């Protein structure tokens, strides 16, 4: 079975035609499939139009929790061997789904991400996306040109132990690469938005950057946070201790009163901060181990799930 998961927020103008396109493509593909639309707290007529679509499973959130949470809920509900994700604004082309699946199977990959090489967005969005790509390549280097493209195909096992939160949907390939999954990319069609307006703004971009930093930390130090914080503490403490010894040397051999010196205050402050970093590293190490041993709650609340057969 193939599961198609689509997060939706106020897309009353596009969801009917998008559903028709998805069903047509999947029927032509000739495999068993399911379509899951996740209504992420829409306030327009999206919910009413979803009731008219078949076959379809509709997951409705109690309020807007964000695209990442919507994807997480849809993926957890899905049953397919493969999970396809795409946006609801109509800019991702469902006709590319067979190509993604074929590329995944031919190259024995775990994930294939769409690459919108010829984007039809406005200039400001293109510039922002390119800047974000440069920063992403520097911090996490997931090998993907366009991780912001929602159109992707995953094998079911990719999400066995993965929970999505924040704006993490952009960095799913990076997270999976960290876990050892094989990632690929292929060019896909990008279409002009016809209905509605974009949900991306500076606030969402800022959250995405912070989540990127989180992925970077997870990649480098998730299993060994003591190496980062403890190492920082040792370097800071050693520098501060050397500075303190310099102050003592000046006092003993040159009889210079250093009690009011900035060097004296900085050295004491640095040593205290060094100890705190080491202690924080130890605590973070304990928290990391507890994380792997515990079960997390989801960051969203589902109001209802309905299946239109």
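The values are calculated or read from the model by the stated rules, or taken from the named source; none is laboratory data. Since the structure is predicted, the reported quantities are computational estimates derived from the model, not experimental observations. Glycine also receives a Cβ, built like all others from the backbone with ideal geometry; neighbour counts cover every protein chain displayed.
Odds and ends about this structure:
- All positions within the stretch 85-95 that are more than 16 Å from the chain's Cα centre (by Cα), modelled with pLDDT of 95 or more and buried (at least 20 other Cβ atoms within 10 Å of the Cβ): 94
- Every listed requirement among (1) on the phi > 0 side of the Ramachandran plot; (2) in contact (Cβ under 8 Å) with a residue 12 or more places away in the chain is met by residue 30 save one, (2).
- Within the stretch 249-269, the set of residues being surrounded by 17 or more Cβ atoms within 10 Å (Cβ to Cβ) and either within 18 Å of residue 228 (Cβ to Cβ) or at pLDDT below 80 (or both) comprises 258, 264.
- Restricting 38, 58, 6 to those that are assigned to a strand (DSSP E or B), closer than 15 Å to residue 305 by Cα and free of Cβ contacts under 8 Å to residues at least 40 places away in the same chain reduces the list to 38.
- If you check 52, 46 for being modelled with pLDDT under 95, over 22 Å from the mean Cα position of the chain (by Cα) and surrounded by fewer than 18 Cβ atoms within 10 Å (Cβ to Cβ), only one passes: 52.
- Residue that is nearest to the chain's Cα centre (by Cα), among those in the stretch 171-186 that are in a helix (DSSP H, G or I) and surrounded by fewer than 23 Cβ atoms within 10 Å (Cβ to Cβ): 175
- Residue 68 fulfils the conditions (1) touching a strand residue (DSSP E or B) at 6+ places or on another chain (Cβ under 6 Å); (2) touching a residue at least 40 places away in the same chain (Cβ under 8 Å); (3) buried (at least 23 other Cβ atoms within 10 Å of the Cβ) except for a single criterion, (1).
- Among the conditions (1) surrounded by 14 or more Cβ atoms within 10 Å (Cβ to Cβ); (2) farther than 21 Å from residue 183 by Cα; (3) out of contact with any helix residue (DSSP H, G or I) (no Cβ under 7 Å at 6 or more places or on another chain); (4) at pLDDT 95 or above, residue 101 misses just one, which is (2).
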